[in-house]
Amino acid sequence: MALDVELATFTGQWFRQTPVGVRADTRPFPPDDNRWQRGSVVDAVYFALDHAGVWAEWYRHLAERGLPRHAALPRWLWTAEVPAIELVDLRSARQLARAGLGIPTPGRRTWPPFQAVGEQLYADGYIGLVSRSAARPASFVACVFHQPPSRGNPDWGIPVTIAYGDPETITDPPLPTGVRT
């Protein structure tokens, strides 16, 4: 059954971080499980819509795995120029509630209902979504689903062409305010 969701158009600069030496468009194989999807069902690329969000999500990732930050440094910060893309808008508590969800909170144990919604959105033909960051509720994250091969595109990929600038090497990422790990 299709979910009752709203779409919004998003564009502009989005952010990703990777280990130094790893390109922004590199994907693990097999695909990882994340908040909005299981890799065995669909792969996705995640972006933060601001600098504070990208670092909050990174710190949350480290905390969930019990890793000290120095073990994962340095990082590359990528700025992505994203053309207009229409995504499911799950930024507000009301929009999340319409999809049967609460505000995202940190922790892998909280993922299953979000994964079910993300996978339903993918099955319904949506290309992705924007939601609050579990790590920093004042920030937003975008999840863009990989799309299956088509006649014009023989590879799995995301449905927009994203231009990445050269990465900035970060040796001491800031700890944003309002972070929840």
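Which members of segment 72-81 meet the condition of being surrounded by fewer than 18 Cβ atoms within 10 Å (Cβ to Cβ) and among the charged types (D, E, K, R)?
Of everything in segment 72-81, just one residue is surrounded by fewer than 18 Cβ atoms within 10 Å (Cβ to Cβ) and among the charged types (D, E, K, R), namely 81.
Looking at the structure I just gave you, is residue 13 touching a residue at least 60 places away in the same chain (Cβ under 8 Å), part of a helix (DSSP H, G or I), of a type outside the set (Phe, Trp, Tyr) and more than 20 Å from residue 179 (Cα to Cα)?
No; evaluated as a whole, the condition is false for this residue.
Starting from segment 72-97, take each residue that is more than 19 Å from residue 13 (Cβ to Cβ) and modelled with pLDDT of 95 or more and list its partners that are among the aromatic types (Phe, Trp, Tyr) and not in a helix (DSSP H, G or I), counting only C-beta distances under 6 angstrom and pairs at least six apart or across chains.
Matching pairs, first to second residue: 88/126.
Hey, among 22, 45, which residue is assigned to a loop (DSSP other than H, G, I, E, B) and either within 13 Å of residue 146 (Cα to Cα) or in contact (Cβ under 8 Å) with a residue 24 or more places away in the chain (or both)?
Result of the check over 22, 45: 22.
Can you name the condition, by its number, that residue 80 falls short on among (1) touching a strand residue (DSSP E or B) at 6+ places or on another chain (Cβ under 7 Å); (2) within 22 Å of residue 148 (Cβ to Cβ)?
Here residue 80 meets the rest and fails (2).
Among the residues of segment 126-164, which ones are among the small types (Gly, Ala, Ser), more than 16 Å from residue 53 (Cα to Cα) and at pLDDT 90 or above?
128
If you go through segment 82-105 one residue at a time, do you hit one that is more than 16 Å from residue 130 (Cα to Cα) and either touching a Pro at 6+ places or on another chain (Cβ under 8 Å) or surrounded by 13 or more Cβ atoms within 10 Å (Cβ to Cβ) (or both)?
no
Pick from segment 170-180 the residues that are surrounded by 11 or more Cβ atoms within 10 Å (Cβ to Cβ) and among the β-branched types (Val, Ile, Thr): which of them is farthest from residue 14 (Cα to Cα)?
Across segment 170-180, the extreme among qualifying residues is 179.
Conditions: (1) in a helix (DSSP H, G or I); (2) farther than 17 Å from residue 19 by Cα. Residue 56 meets all but one. Number of the miss?
Looking at each condition in turn, residue 56 falls short on (2).
Every residue, every condition in (1) crowded, with 16+ Cβ neighbours inside 10 Å; (2) in contact with a helix residue (DSSP H, G or I) (Cβ under 9 Å, 6 or more places away or on another chain), yes or no:
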| site | (1), (2) |
| --- | --- |
| 2 | no, yes |
| 5 | yes, yes |
| 10 | yes, no |
| 21 | no, no |
| 32 | no, no |
| 43 | yes, no |
| 56 | yes, no |
| 70 | no, no |
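Those residues that are of a type outside the set (A, V, I, L, M, F, W, C) and in a loop (DSSP other than H, G, I, E, B), I need them from segment 85-106; list them, please.
Selection gives 91, 92, 100, 102, 104, 105, 106.
The values are calculated or read from the model by the stated rules, or taken from the named source; none is laboratory data. It should be emphasised that the depicted structure is a prediction, and the values quoted were computed from it without experimental measurement. All Cβ positions, glycine included, derive from the backbone under ideal geometry; neighbour counts span all protein chains shown.
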